[in-house]
Amino acid sequence: MSRRHELTDAGWEFVRPLLPRSIRGRSRLDDRKILNGIVWKFRSGVAWRDVPERYGSWATLHTRFRRWAKNGTFTRMFQRFRRARSSDQDRRAAGRRPGFGVTACSEEARFSPW
């Protein structure tokens, strides 16, 4: 069961291909859990150290956020959201049901590593 503001299964399948693969030999914490923690942090406005432990250690969340911001992962996500939203609007205009529902996306949104 996912919590209120966490990625649904459909949402996860939408963004999962955009996340970089681990280049290290060892396995890492679940990317979905980490991404949910990053989203929770920004939605709640708390400091990194105050993110609940269920998302992993705050240091891991912060490191992964900085790495993904620096390598363009979030930019790719926003671009894909924009394309999906545009496609949904085209489908609605043609009288068809939208595909994966992305209801809002800010073209101005940027993630800063700080």
Simple spin-label model, 7 Å along Cα-to-Cβ: SER86 to ARG4 in nm? 3.4
Fewest to most Cβ atoms within 10 Å: ILE23, ILE34 sort as ILE23, ILE34
In nm, spacing of pseudo-spin labels at TRP48 and TRP12 (7 Å Cα→C-beta vector): 2.5
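Since every read-out is calculated from the coordinates, none of them should be taken as a lab result. If you're wondering where the values come from, they're calculated on a predicted model, not measured in any experiment. Note that each Cβ is placed from the backbone with ideal geometry, even for glycine, and that neighbours are counted across all protein chains shown.
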